[in-house]
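**Student:** Pasting in a structure now, in structure tokens, and then I'll have a few things to ask.
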Amino acid sequence: MALKPKRSELKAKPGAEAERATAMAASHLIDERIRSLGGWRAETLVEVRRLIHEADPDIMEECKWIKPSNTLGVPVWSHAGIVCTGEAYKQVVKLTFARGASLADPRGLFNSSLDGNTRRAIDIREGEVLDAEAFKALIQAAVAENLRSSAPKSRGCGST
């Protein structure tokens, strides 16, 4: 005789499924944002997005800071916290790394927001080509920094 599932077992579990739906909605908004830009800025964001996903297949896409003057919001890539944002301005595509000041940048990709204590940015102008391998390494370093910062802190020896 088969057991009937309990009523509580029939309810949808929020977590992963809701997260996937949110991620899909954000991806569609980012697609729409890119289409609305057109030209070199769209091409740049498409390439940057591809490199981000190559660097970290588990990265989540989000759209934040949606408002009447920016109905599609700002594309955000997160893994254990914000890794970077991608904004398009008239002269540049700006990639802002939330914890950029704490990341090593041996190839000198950061070229904007260098005075801050936390963020760093990469401004890409029309015709410029991003060093793909260095950028992917920077994404991976930012994810590692987020994971390190969000990890539970040890209380030391003998603590419970």
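The values are calculated or read from the model by the stated rules, or taken from the named source; none is laboratory data. Being a predicted model, the structure only gives us computed values, none of them experimental. Cβ: placed from backbone, ideal geometry, glycine included. Neighbour counts: every protein chain shown.
**Student:** In the range 100-120, is there at least one residue being out of contact with any helix residue (DSSP H, G or I) (no Cβ under 7 Å at 6 or more places or on another chain) and within 23 Å of Ala26 (Cα to Cα)?
**Tutor:** Checking the range 100-120: not a single residue is out of contact with any helix residue (DSSP H, G or I) (no Cβ under 7 Å at 6 or more places or on another chain) and within 23 Å of Ala26 (Cα to Cα).
**Student:** Name the pairs whose Cβ atoms lie under 6 Å apart, with the first residue in the range 133-149 and free of Cβ contacts under 8 Å to residues at least 60 places away in the same chain, the second of a type outside the set (A, V, I, L, M, F, W, C), and 6 or more positions between them or separate chains?
**Tutor:** Ala134/Arg107; Glu145/Arg99; Glu145/Ser102
**Student:** While we're on this one: Please find, within the range 65-75, the residue that is farthest from Ala142 (Cα to Cα) out of those that are of a type in the set (A, V, I, L, M, F, W, C) and without any contact (Cβ under 8 Å) to a residue 40 or more places away in the chain. Full working, then the answer.
**Tutor:** Within the range 65-75, the subset of a type in the set (A, V, I, L, M, F, W, C) is 65-66, 72, 74.
With the extra rule that they be without any contact (Cβ under 8 Å) to a residue 40 or more places away in the chain, the set shrinks to 65-66, 74.
Working: Trp65: 21, Ile66: 24, Val74: 19 Å.
Among those that are of a type in the set (A, V, I, L, M, F, W, C) and without any contact (Cβ under 8 Å) to a residue 40 or more places away in the chain, it is Ile66.
**Student:** Taking the residues in the range 129-153 that are outside any helix (DSSP H, G or I) and over 16 Å from Glu87 (Cα atoms) as candidates, determine which candidate is modelled with the highest pLDDT.
**Tutor:** Here is the first cut: in the range 129-153, the residues outside any helix (DSSP H, G or I) are 129-131, 151-153.
Going one step further and asking which of them are over 16 Å from Glu87 (Cα atoms), we end up with 129, 131, 151-153.
Details: Val129: 93, Asp131: 97, Ala151: 73, Pro152: 74, Lys153: 65.
Across the range 129-153, the extreme among qualifying residues is Asp131.
**Student:** To continue, here is another question. Can you name the residue in the range 36-83 that is small (Gly, Ala, Ser) and part of a loop (DSSP other than H, G, I, E, B) and, of all such residues, is farthest from Glu126 (Cα to Cα)?
**Tutor:** Residue satisfying both the conditions and the ranking: Ala80.
**Student:** Answer yes or no as to whether Glu61 is crowded, with 16+ Cβ neighbours inside 10 Å, modelled with pLDDT of 85 or more and of a type in the set (D, E, K, R). Quick ask: steps written out before the conclusion?
**Tutor:** Working: crowded, with 16+ Cβ neighbours inside 10 Å: yes; modelled with pLDDT of 85 or more: yes; of a type in the set (D, E, K, R): yes.
Judged against the criteria, Glu61 is a match.
**Student:** Quick check on the range 115-123. Is at least one of its residues at pLDDT 95 or above, charged (D, E, K, R) and more than 26 Å from Ala151 (Cα to Cα)?
**Tutor:** Checking the range 115-123: at least one residue is at pLDDT 95 or above, charged (D, E, K, R) and more than 26 Å from Ala151 (Cα to Cα).
**Student:** What number of residues within the range 88-98 satisfy the criterion of being crowded, with 17+ Cβ neighbours inside 10 Å, modelled with pLDDT of 95 or more and not aromatic (Phe, Trp, Tyr)? Steps first, answer last, please.
**Tutor:** Quick first cut of the range 88-98, residues crowded, with 17+ Cβ neighbours inside 10 Å only: 88, 92-98.
Checking the rest, the ones that are also modelled with pLDDT of 95 or more come to 92-98.
Still in the running and not aromatic (Phe, Trp, Tyr): 92-96, 98.
Counting residues in the range 88-98 that are crowded, with 17+ Cβ neighbours inside 10 Å, modelled with pLDDT of 95 or more and not aromatic (Phe, Trp, Tyr) gives 6.
**Student:** In the set Gly73, Gly156, which member is at pLDDT below 95 and either of a type in the set (S, T, N, Q) or within 21 Å of Gly39 (Cα to Cα) (or both)?
**Tutor:** Numbers: Gly156 fails: either of a type in the set (S, T, N, Q) or within 21 Å of Gly39 (Cα to Cα) (or both).
The conditions single out Gly73.
**Student:** Of everything in the range 104-132, what is crowded, with 19+ Cβ neighbours inside 10 Å, touching a residue at least 40 places away in the same chain (Cβ under 8 Å) and over 25 Å from Asn70 (Cβ atoms)? Give them in sequence order.
**Tutor:** none
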